[in-house]
Structures are given as C-alpha cells and as structure tokens.
C-alpha cells in the first residue's frame, strides 16, 4: 500500500481550542498519527491522558498500539463517550451522582410503577394505553410496555432532546408527555438537564481544573447529536481531536445507492448526474457513515479548528485488495477485471449448521497456518453475529484435545453469561416451580447439577440408583392428587405421583415385602444405604414443593431478592470447580435489592423471571480480548480493528443484519434524521468496516444447506450483495468471482469431499480414517451371510464370575447383549423417562401387567388385586383400568387352575465354579411348594424360558433341597422341566457359560423368535426342512406379522448384509436349545 499524494497537513486556527478532524482509512495509521501527535503535546508528569473510545476491546487494542510507538502506555484513561461526559459534568457541577437516574434500566422500573391503569383513568389522551393494559392478570403487558417505553425515552434523550424539553415545559395531554413530566419531577438532574446545565456552566466559568488539557475521540463511528453538541461546546475550552475512520478520501455523503438512483432516474431521466453511480458496496453499506459525515458538518460549525488526512491507497494485488481499492475510489465502473489467485483472498464457505461451520473454519485456518509460517493465531479475528449461540460449537471444535490434530489456541469474548452457565439455567428453571408439572425428568435432571448434588450429598451412583428406582415405582408426574386438583383442576388421583412413590418407599423400608397398608403398596425392601439415599432425595423434593408454594405470591423487588437468596442457600452448594455461576446469580440478586429503592410495586413471578432471565443470560463476559490465540467475539467490540485474517461465522439470512422494528408509539418513527439509530444500517456499515479491516484474507461462513434435506438456505443479504458485486466487477481464474469464491462443504466431517479438494482438505486424522474406511467398505454392495465380526475380549475385562441373570440376558438376545456391552449401542428410546400416565397400555405394558396379575394371583390370592395394582400405579386411571383388569383376569384364571395357592417364596443363593468362571448369585421365583415357577403372559416360546431353565440347572447342580420340577405357566398351556442329574446340570451350565463368553466377542445368530420357531418345530417333527420354513416365517415380515428382521439391534447389525436363517443358525439353535426342549414336558397337570 502507498500513501495518497498531496495529503493535507493539519490547518490550525491561532487558538488551540476547537475540534480537529483526522481522517484515515486504516485504523493502525490513525493510531500511529495520534501517538505522534500525543508526543508533540505531552502532559505534565502524572497527569492522565483522556482518549474516548466506543468499546473496551478497542481501548485495549489502542493501548497496545501506543506501547508499540511510545514503548509504554500508562496514565491513559479510555472512557466511553456518554460515561465521560456524565463524569465530567457531575464534577463541574459539584454533584455526587455516579449514575444517570433515567438510564434505560432505571427508566423501565420507574415507568412500570407509573403505568398502573388506575392512575390513568379519566385521562383524555390515555385511552389506547388503558385499553392495552386491560386484562393483564400477571402484569406482563405492563412490564413489556415499560421496557419498550424505556427504550424509546432513552433514545429521545439522545436524539430528540428538544421534544422532551417541549414536553417538560408544555401543556400537551399526550400520555407520553404526561408520563415524561412525572418522571422528571422525581429526577430533576436527568441526562438532558445535566447536559444543559453543563453547557451553560461552561459558558460562564473557567473549567480548566475539571477538564483535561486535551481530549481525543478515537474511531467514533456514530455519536448522538446531543453528545456531539456537548463535545462541540467543550471544544471552546480545550482542543478536541476526532480520529475518524473513513472508507474513502473523497466526500461521499451525497453518494446514492443503485436502488435510490434507479428510482430517481425514473422521475428525472434527463439528469446526467443520476447516471453516475458510486461504488455499490460503499453506497449500500455506508449510509450510516454518510449520515455521520453530514451530522459532523452540521454540529461542529464554528468549533472546527483544523484537519488532517492519513489515507493509504489499497494495493490491487488480490481480489480483496481490488475490492478495497474500488471502495476507496468511490466510483463504479462497468469494466470487468481479470484476476488469478490460487487461493482466493475472499472466501465464502457454505456448511450444514453451526457445528460444520466451525469445523470448516478450523480446517481453513489450519491451511492458512500451514501455508504461511509467519502467520500467528493472534493475527486472526473471528466475528459472530450471535456469539452466544455459537460459543458451545466453538468450544467443541477448537477446544477438542486431539493429540493428532494441530491445536489452535483461542479465546472467546463477549459471550452472554447464560449461554454456557448450566447453573444459571437451572436457577431460572427453579423459578418456574409454581407452574411445573413435576415430571420425572423435571426433578431427576436437577440431580445432575453438581451444586445441587453436593448440597444433598448425592453421589453419581446414588443418582443412577434413584433413576432406576423411580422408573420401577412408575412415577410419571405430579406432586400428589391434591396439588393436581388445586393447580390444574384435575381429579385428585395420587397414582403415579411423587407422593405415591414416597409412601411406597417409606413403607418398603419399614415393612419390607408386605400386603397393602392403608392403600399403600410397600416397595421392594431397601437397604440402609439405599434408604438414606432416598431420604436425601425426598428432602430435596420437599424443598421444591415448599418453593412451588412460596414463589406464587407477588412481592417487592427487595423481598424477592431476600427470598431468592434463601432459595440459593437451601438448594445449592458452591462447587470449587464451577465457573462462578452462583456468584453471577448473587450479583443479580444484589442488583434486584437495589432496585427496591426506586420501585415499590409488587412484582409477579412472570415479571421477575423475565428480568432475571434477561439480566443473567444477556450479561456478557469481559476482559478476555487479546489474551492470546485466535480471537472469537461478537461484531461490535473490535469493529474496524485490522487483522491479517478476519472470518465471519453465522452469516445466514435472519441473523444479520438486524431488522429495525420501532414501536407504533415511537415518536421517532417515520421522522428519520441524521444520526438516528437503525440496527440494519449499523450492521451494514459494520460489514463495510470489516471488509476494509481485513489485510490479507476475508473468510465468510454461513449455514447454507438444510441438515435434513440438503435444501439451499439463503445467506445474509449483505453476503449476497457482495457476491453480486464480485460477479459483475471481477473474473477470478476465468470464472465470475462471486461464484469462484464459494465452496459447499459436505454434511459430515468424514465426507469424501472434505479430503478430496486440493488445498482445502481436512486435517482431522480421525475423520480421515472414518472417510477411508467408508471408501473401502463400499456400502452400496451388500454382503451375503451373517456378519463375521470378532471383537476379542481384553484379558483384563474377561469376567471371572457372572450372575445367573447376566447369563439369561445374554442367551435371551445375544445380538442386543453384544451391542450394549461391547459396542455401547442402545436403542434410541432406551432409558427415556415416560411422563404420561397410562390412559391406555401399549403391548409391552400389557405384557408387564399380565405378568404382575399372574404373580399376584399365585403369591397373594387373598389380597384385593385391583387395589394393589392401583397402589403400584400399573393400571390406567379410573373405569378404563377396572374394565381392562377384569378382562385380563378372566383370561389368566384358567391357566392357574390346579396350582396350590398361595406360593411361598424361598431365597436361594448359589455358588457354582465352572473351570475358570464362577456362577454366583441369587435365584428368583423359587418357591417352597413347587420349586422353580416361571410364568409367561403369552404363549410358550423357548427363548423366553431361559430364566426357568438356568434356575432349574443351578438348583440341580447344587443339589439344593428345592431341586425338582421347574414349572412354566403359559397362555397356551402348562409345562415343566423334569429333574436332571447334577453332573448333567453342571456340564450344561459349563457349556452355556462358554457360550456367554463367546457372546461378548461376537454377535451370535441365536434369535428370540426365529430360533424358538425352529427348535419347537424340529423338536415336534424332527424335520429340519419344515423347521427352517417356520424359522424363515418368523424372520420375515408379512402384512399381519412383524418379522424379527425388523428388530432394532438385529437390523442394525445386518444393515449391509443379506441374511436369512441358514445351516449355521440351525446348528446353533439345536446345540443351545435342544437340551432344554428334550427336558420339557407339555400338557396340563
């Protein structure tokens, strides 16, 4: 780059006071010029220099620049524009106020107090206000309107001070005017009044003791007219230097956008000047800068004392440089420039969602570092419109500690507190307790918050047991029946509520397995440790119940702060490893207590939730800029600051630029003036400054493809405008530049396209391995036969003992057991909490209910069945449950005819040593009268008899006194296993134990339906061909039968295989199930 010839030197009036304007198109050049200027006018020792800036991040960058030029930066004060004026004015006027009494936050509370509809009855101009505030039960309308009015009044103070003066001294009956008069009566020293007194005082007194010797305003992009006038008044008493970033050296405030010129040409086609357009990016994105230029000319007037220019012409050595040079020259040309770049200096990357955007950006940056050894992470800035949403994805991608992947140091700044603070989200969720249904997940999810678990001394294994326990007790939702009736108007039914679970748990601990006690079905017995764990949980539940009642009543702000401090102490305990979430909550509650001094209205819980949610979730972390590595931040803090590489994430339509939506009552609406705030114009100008601040490369990423159907999604309008200009103005490597710089990336990080592109291949070795495996696998070719998987079991993981229940699980469904134990693959709905009471039962629930009815009729025939089932929460509520029970009992009673009742349960502990594997544990369903009794709620199926067969073998292998027949009660008849020799039992158990170890290393083709169908047919007929037909019939689906081929785990295993029952399948079924079938005796007895 080279400086513009004939640069203008500083032209000063004789007086040193006044406003000096310094323009430049590069922020580092402005900083260098200011550093040199400060050396020419040094302050006395220990006197602080004052440089007004727009953000703390810019202040830190500026101090680093001063260090480079001066060797040190000390005694440099960098306040914000409004804050410095307030501080200076209060010192000059000898006021002790440290805060603006009508700041936006305080305004909202003051307005809320004054929006009571009763105060406005009879007011002539307040009819729309009264109508809006009617039917406002929780005062949310009033609160939201107070927020919108606070924003409007805050803008009025900056941009329409004359309107507020007119309202204050006039007799207007407009409700906004009356409201403003009430506000200023209670706060006479508000912002506008202070500035008026400040300006008046400056005219009549000498203020050198309060004012600095010199004042610098650095990189101010926009100032409200009232503040600009105040600084112009200050310039009468001291030199004020404005260091302004400008995209061009020419006067460009009168340039019109192509759309504006097109409309004007339709009206005046003969005006030649309307056919001379400026640069489209400058005119479309720079309207705010144009307005600020006009505002400066209008407001500084006679205060102007001199100016200087520090412009540098961008070099046309790259596409980025050509775009910047065209903007600098501020003209549009029809000529098309031909460019050649091996790697475009402007890049647009299109991805599927935020996660892929971050992964793509990481690979792009790694290529930059790989190609340029002099590039450091500190040379890269990544700006995100919605940094709170993207923070977790950035942490996941750039914070991933993979030793094979080059690590990129980074820091994230400007992140909203609530975006990554689980404790904050949990606290806000507790404020919803009065409206909470208390579902099982609502309550149990709280146990995973470390601060809550510590408060109630619950360990990780305790939480796991509690989740299993309440699933077993069938808790769905609701504290109790009374709470359901009071809050929701539902029938007072205790079934499937927390109260029922508490009563059953306490009864189970006190009585063990006992009959109904006052309509309470005692839970299975608990040990002392389990009972203590349950007691700690119910202590938490009691506190949640108490606060669900306490938080319903309205309170003042101070009373709410006190109550919520107590809630924090009752529910949370500080975790040394936490990120200070509780500290942030305490700060917010202290602020809430201070609000109690200015607002004395009773606040409802919805209002409190809204304020605390906004306060905790939108408060940003600060102080992390320039802490080393790549900088990630929002768009505002570092606008215009130069970096070698600037990247923009999340540049999709709807996220940027922000839309401007003024309220209907906003007096600035439809009356735009220079300097008025407009989020859309501000974001467009920010995009222009970002484009000009990139020194070597500009990288834009956005979610441009739908993750579900790959449909295109629109980018931000400013990105599309950039693409259109590049297509019209440049050709890159023989293609329109806008098309040449765009690159669409694959949906997954292991996509082949991510590693096939030259110069942009991914760096992640793990994903490359997955990609290579997929390429070798050729998923389009399906393989024949059962998968020949073999996953050797590490020696340290090989069990030396197993329980009978583990053996039964493995043999009942070997494929599922292998996937869950070795591959950690579970069905998607495994472990999902059911939160709906059983109005109707699905097939599994009906099977469980039939099983429970059989068990009850055999063990407790004298106990009332329906009352017991309702006490356990298994029946649908009300009459539908009674009808279902009657039908099921009618089907089951004939199956139990002839059996002695009641049966008495016997606990049998076994210990069998089988070579190097022990079989240790306790047997279920062993009874004094009959030995092993196993009941099936459906027809007999061999694979469902494993529990009875294993128990039968264990009893005979141990020669236990209960060894004898094993009885199976099925829907289609009564069956039993006959006694066996102990040696045979041990041999059979030894063979099954080795089959268990084999099931841990490979998925066995022992299938529940198909193997049972095969072995039952083969056992009856001895015909393998007919047996195989039955197996295939059970395997394949038909119009009225769901085949086993659709089983989740089996279909997942065979997703790339063509298989149906074969000889290996038949051999395994015969070897495994035939001994059981040969011992089985059928028929009724």
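Brief remarks on what is shown
- Remark: 617, 162 ranked as 162, 617, counting other beta-carbon atoms within 10 Å and listing the fewest first.
- Helix 225-234 and the longest principal axis of the Cα set of the chain meet at an angle near 50°.
- With helices as the sole contributors, the chain gives -14500 deg cm²/dmol at 222 nm; each DSSP H run of n ≥ 4 counts as -39500 (n - 2.57), and the sum is divided by every residue.
- Here the calculated FRET efficiency for residue 1041 and residue 899, from their Cβ-Cβ distance with R0 = 35 Å, stands at 0.60, rounded to the nearest 0.05.
- Once the Cα-Cα distance is subtracted from the 0.36 nm per residue extended length, the residue 396 to residue 437 segment shows a gain of 11.4 nm.
- The simple spin-label model puts a point 7 Å past each Cα toward its Cβ; for residue 539 and residue 331 those points are separated by 8.2 nm.
- Placing dummy labels 7 Å off each Cα toward the beta-carbon, the span from residue 766 to residue 793 is 2.8 nm.
- Angle in degrees between helix 319-329 and the longest Cα principal axis of the chain, rounded to the nearest 10: 30
- In nm, spacing of pseudo-spin labels at residue 445 and residue 877 (7 Å Cα→C-beta vector): 2.2
- Segment 633-673 and segment 994-1043 have Cα centres lying 65 Å from one another.
- Exposure proxy shown here: for 243, 789, 86, the number of other Cβ atoms within 10 Å sets the order, fewest to most, as 789, 86, 243.
- Annotation: extensible slack from residue 546 through residue 519 equals 7.2 nm (criterion: 0.36 nm per residue apart, minus Cα-Cα distance).
- Cβ-Cβ distance of residue 972 and residue 565, R₀ of 60 Å, FRET efficiency by 1/(1 + (r/R0)^6): the value works out to about 0.35.
- Counted over the chain, the DSSP beta bridges are approximately 30% antiparallel.
- Full-extension gain in nm, residue 929 to residue 99, via 0.36 nm per residue minus C-alpha separation: 290.2 nm
- Measuring r between the beta carbons of residue 586 and residue 805 and using R0 = 41 Å, the FRET efficiency lands at 0.25.
- Value of relative contact order over the chain, rounded to a whole percent, pairs C-alpha under 8 Å and six or more apart: 13
- As a proxy for reagent exposure, 506, 936, 383 were ordered by neighbouring Cβ count within 10 angstrom, fewest first; the result is 506, 936, 383.
Only the coordinates and a few stated rules stand behind these numbers; no lab work does. Since the structure is predicted, the reported quantities are computational estimates derived from the model, not experimental observations. All Cβ positions, glycine included, derive from the backbone under ideal geometry; neighbour counts span all protein chains shown.
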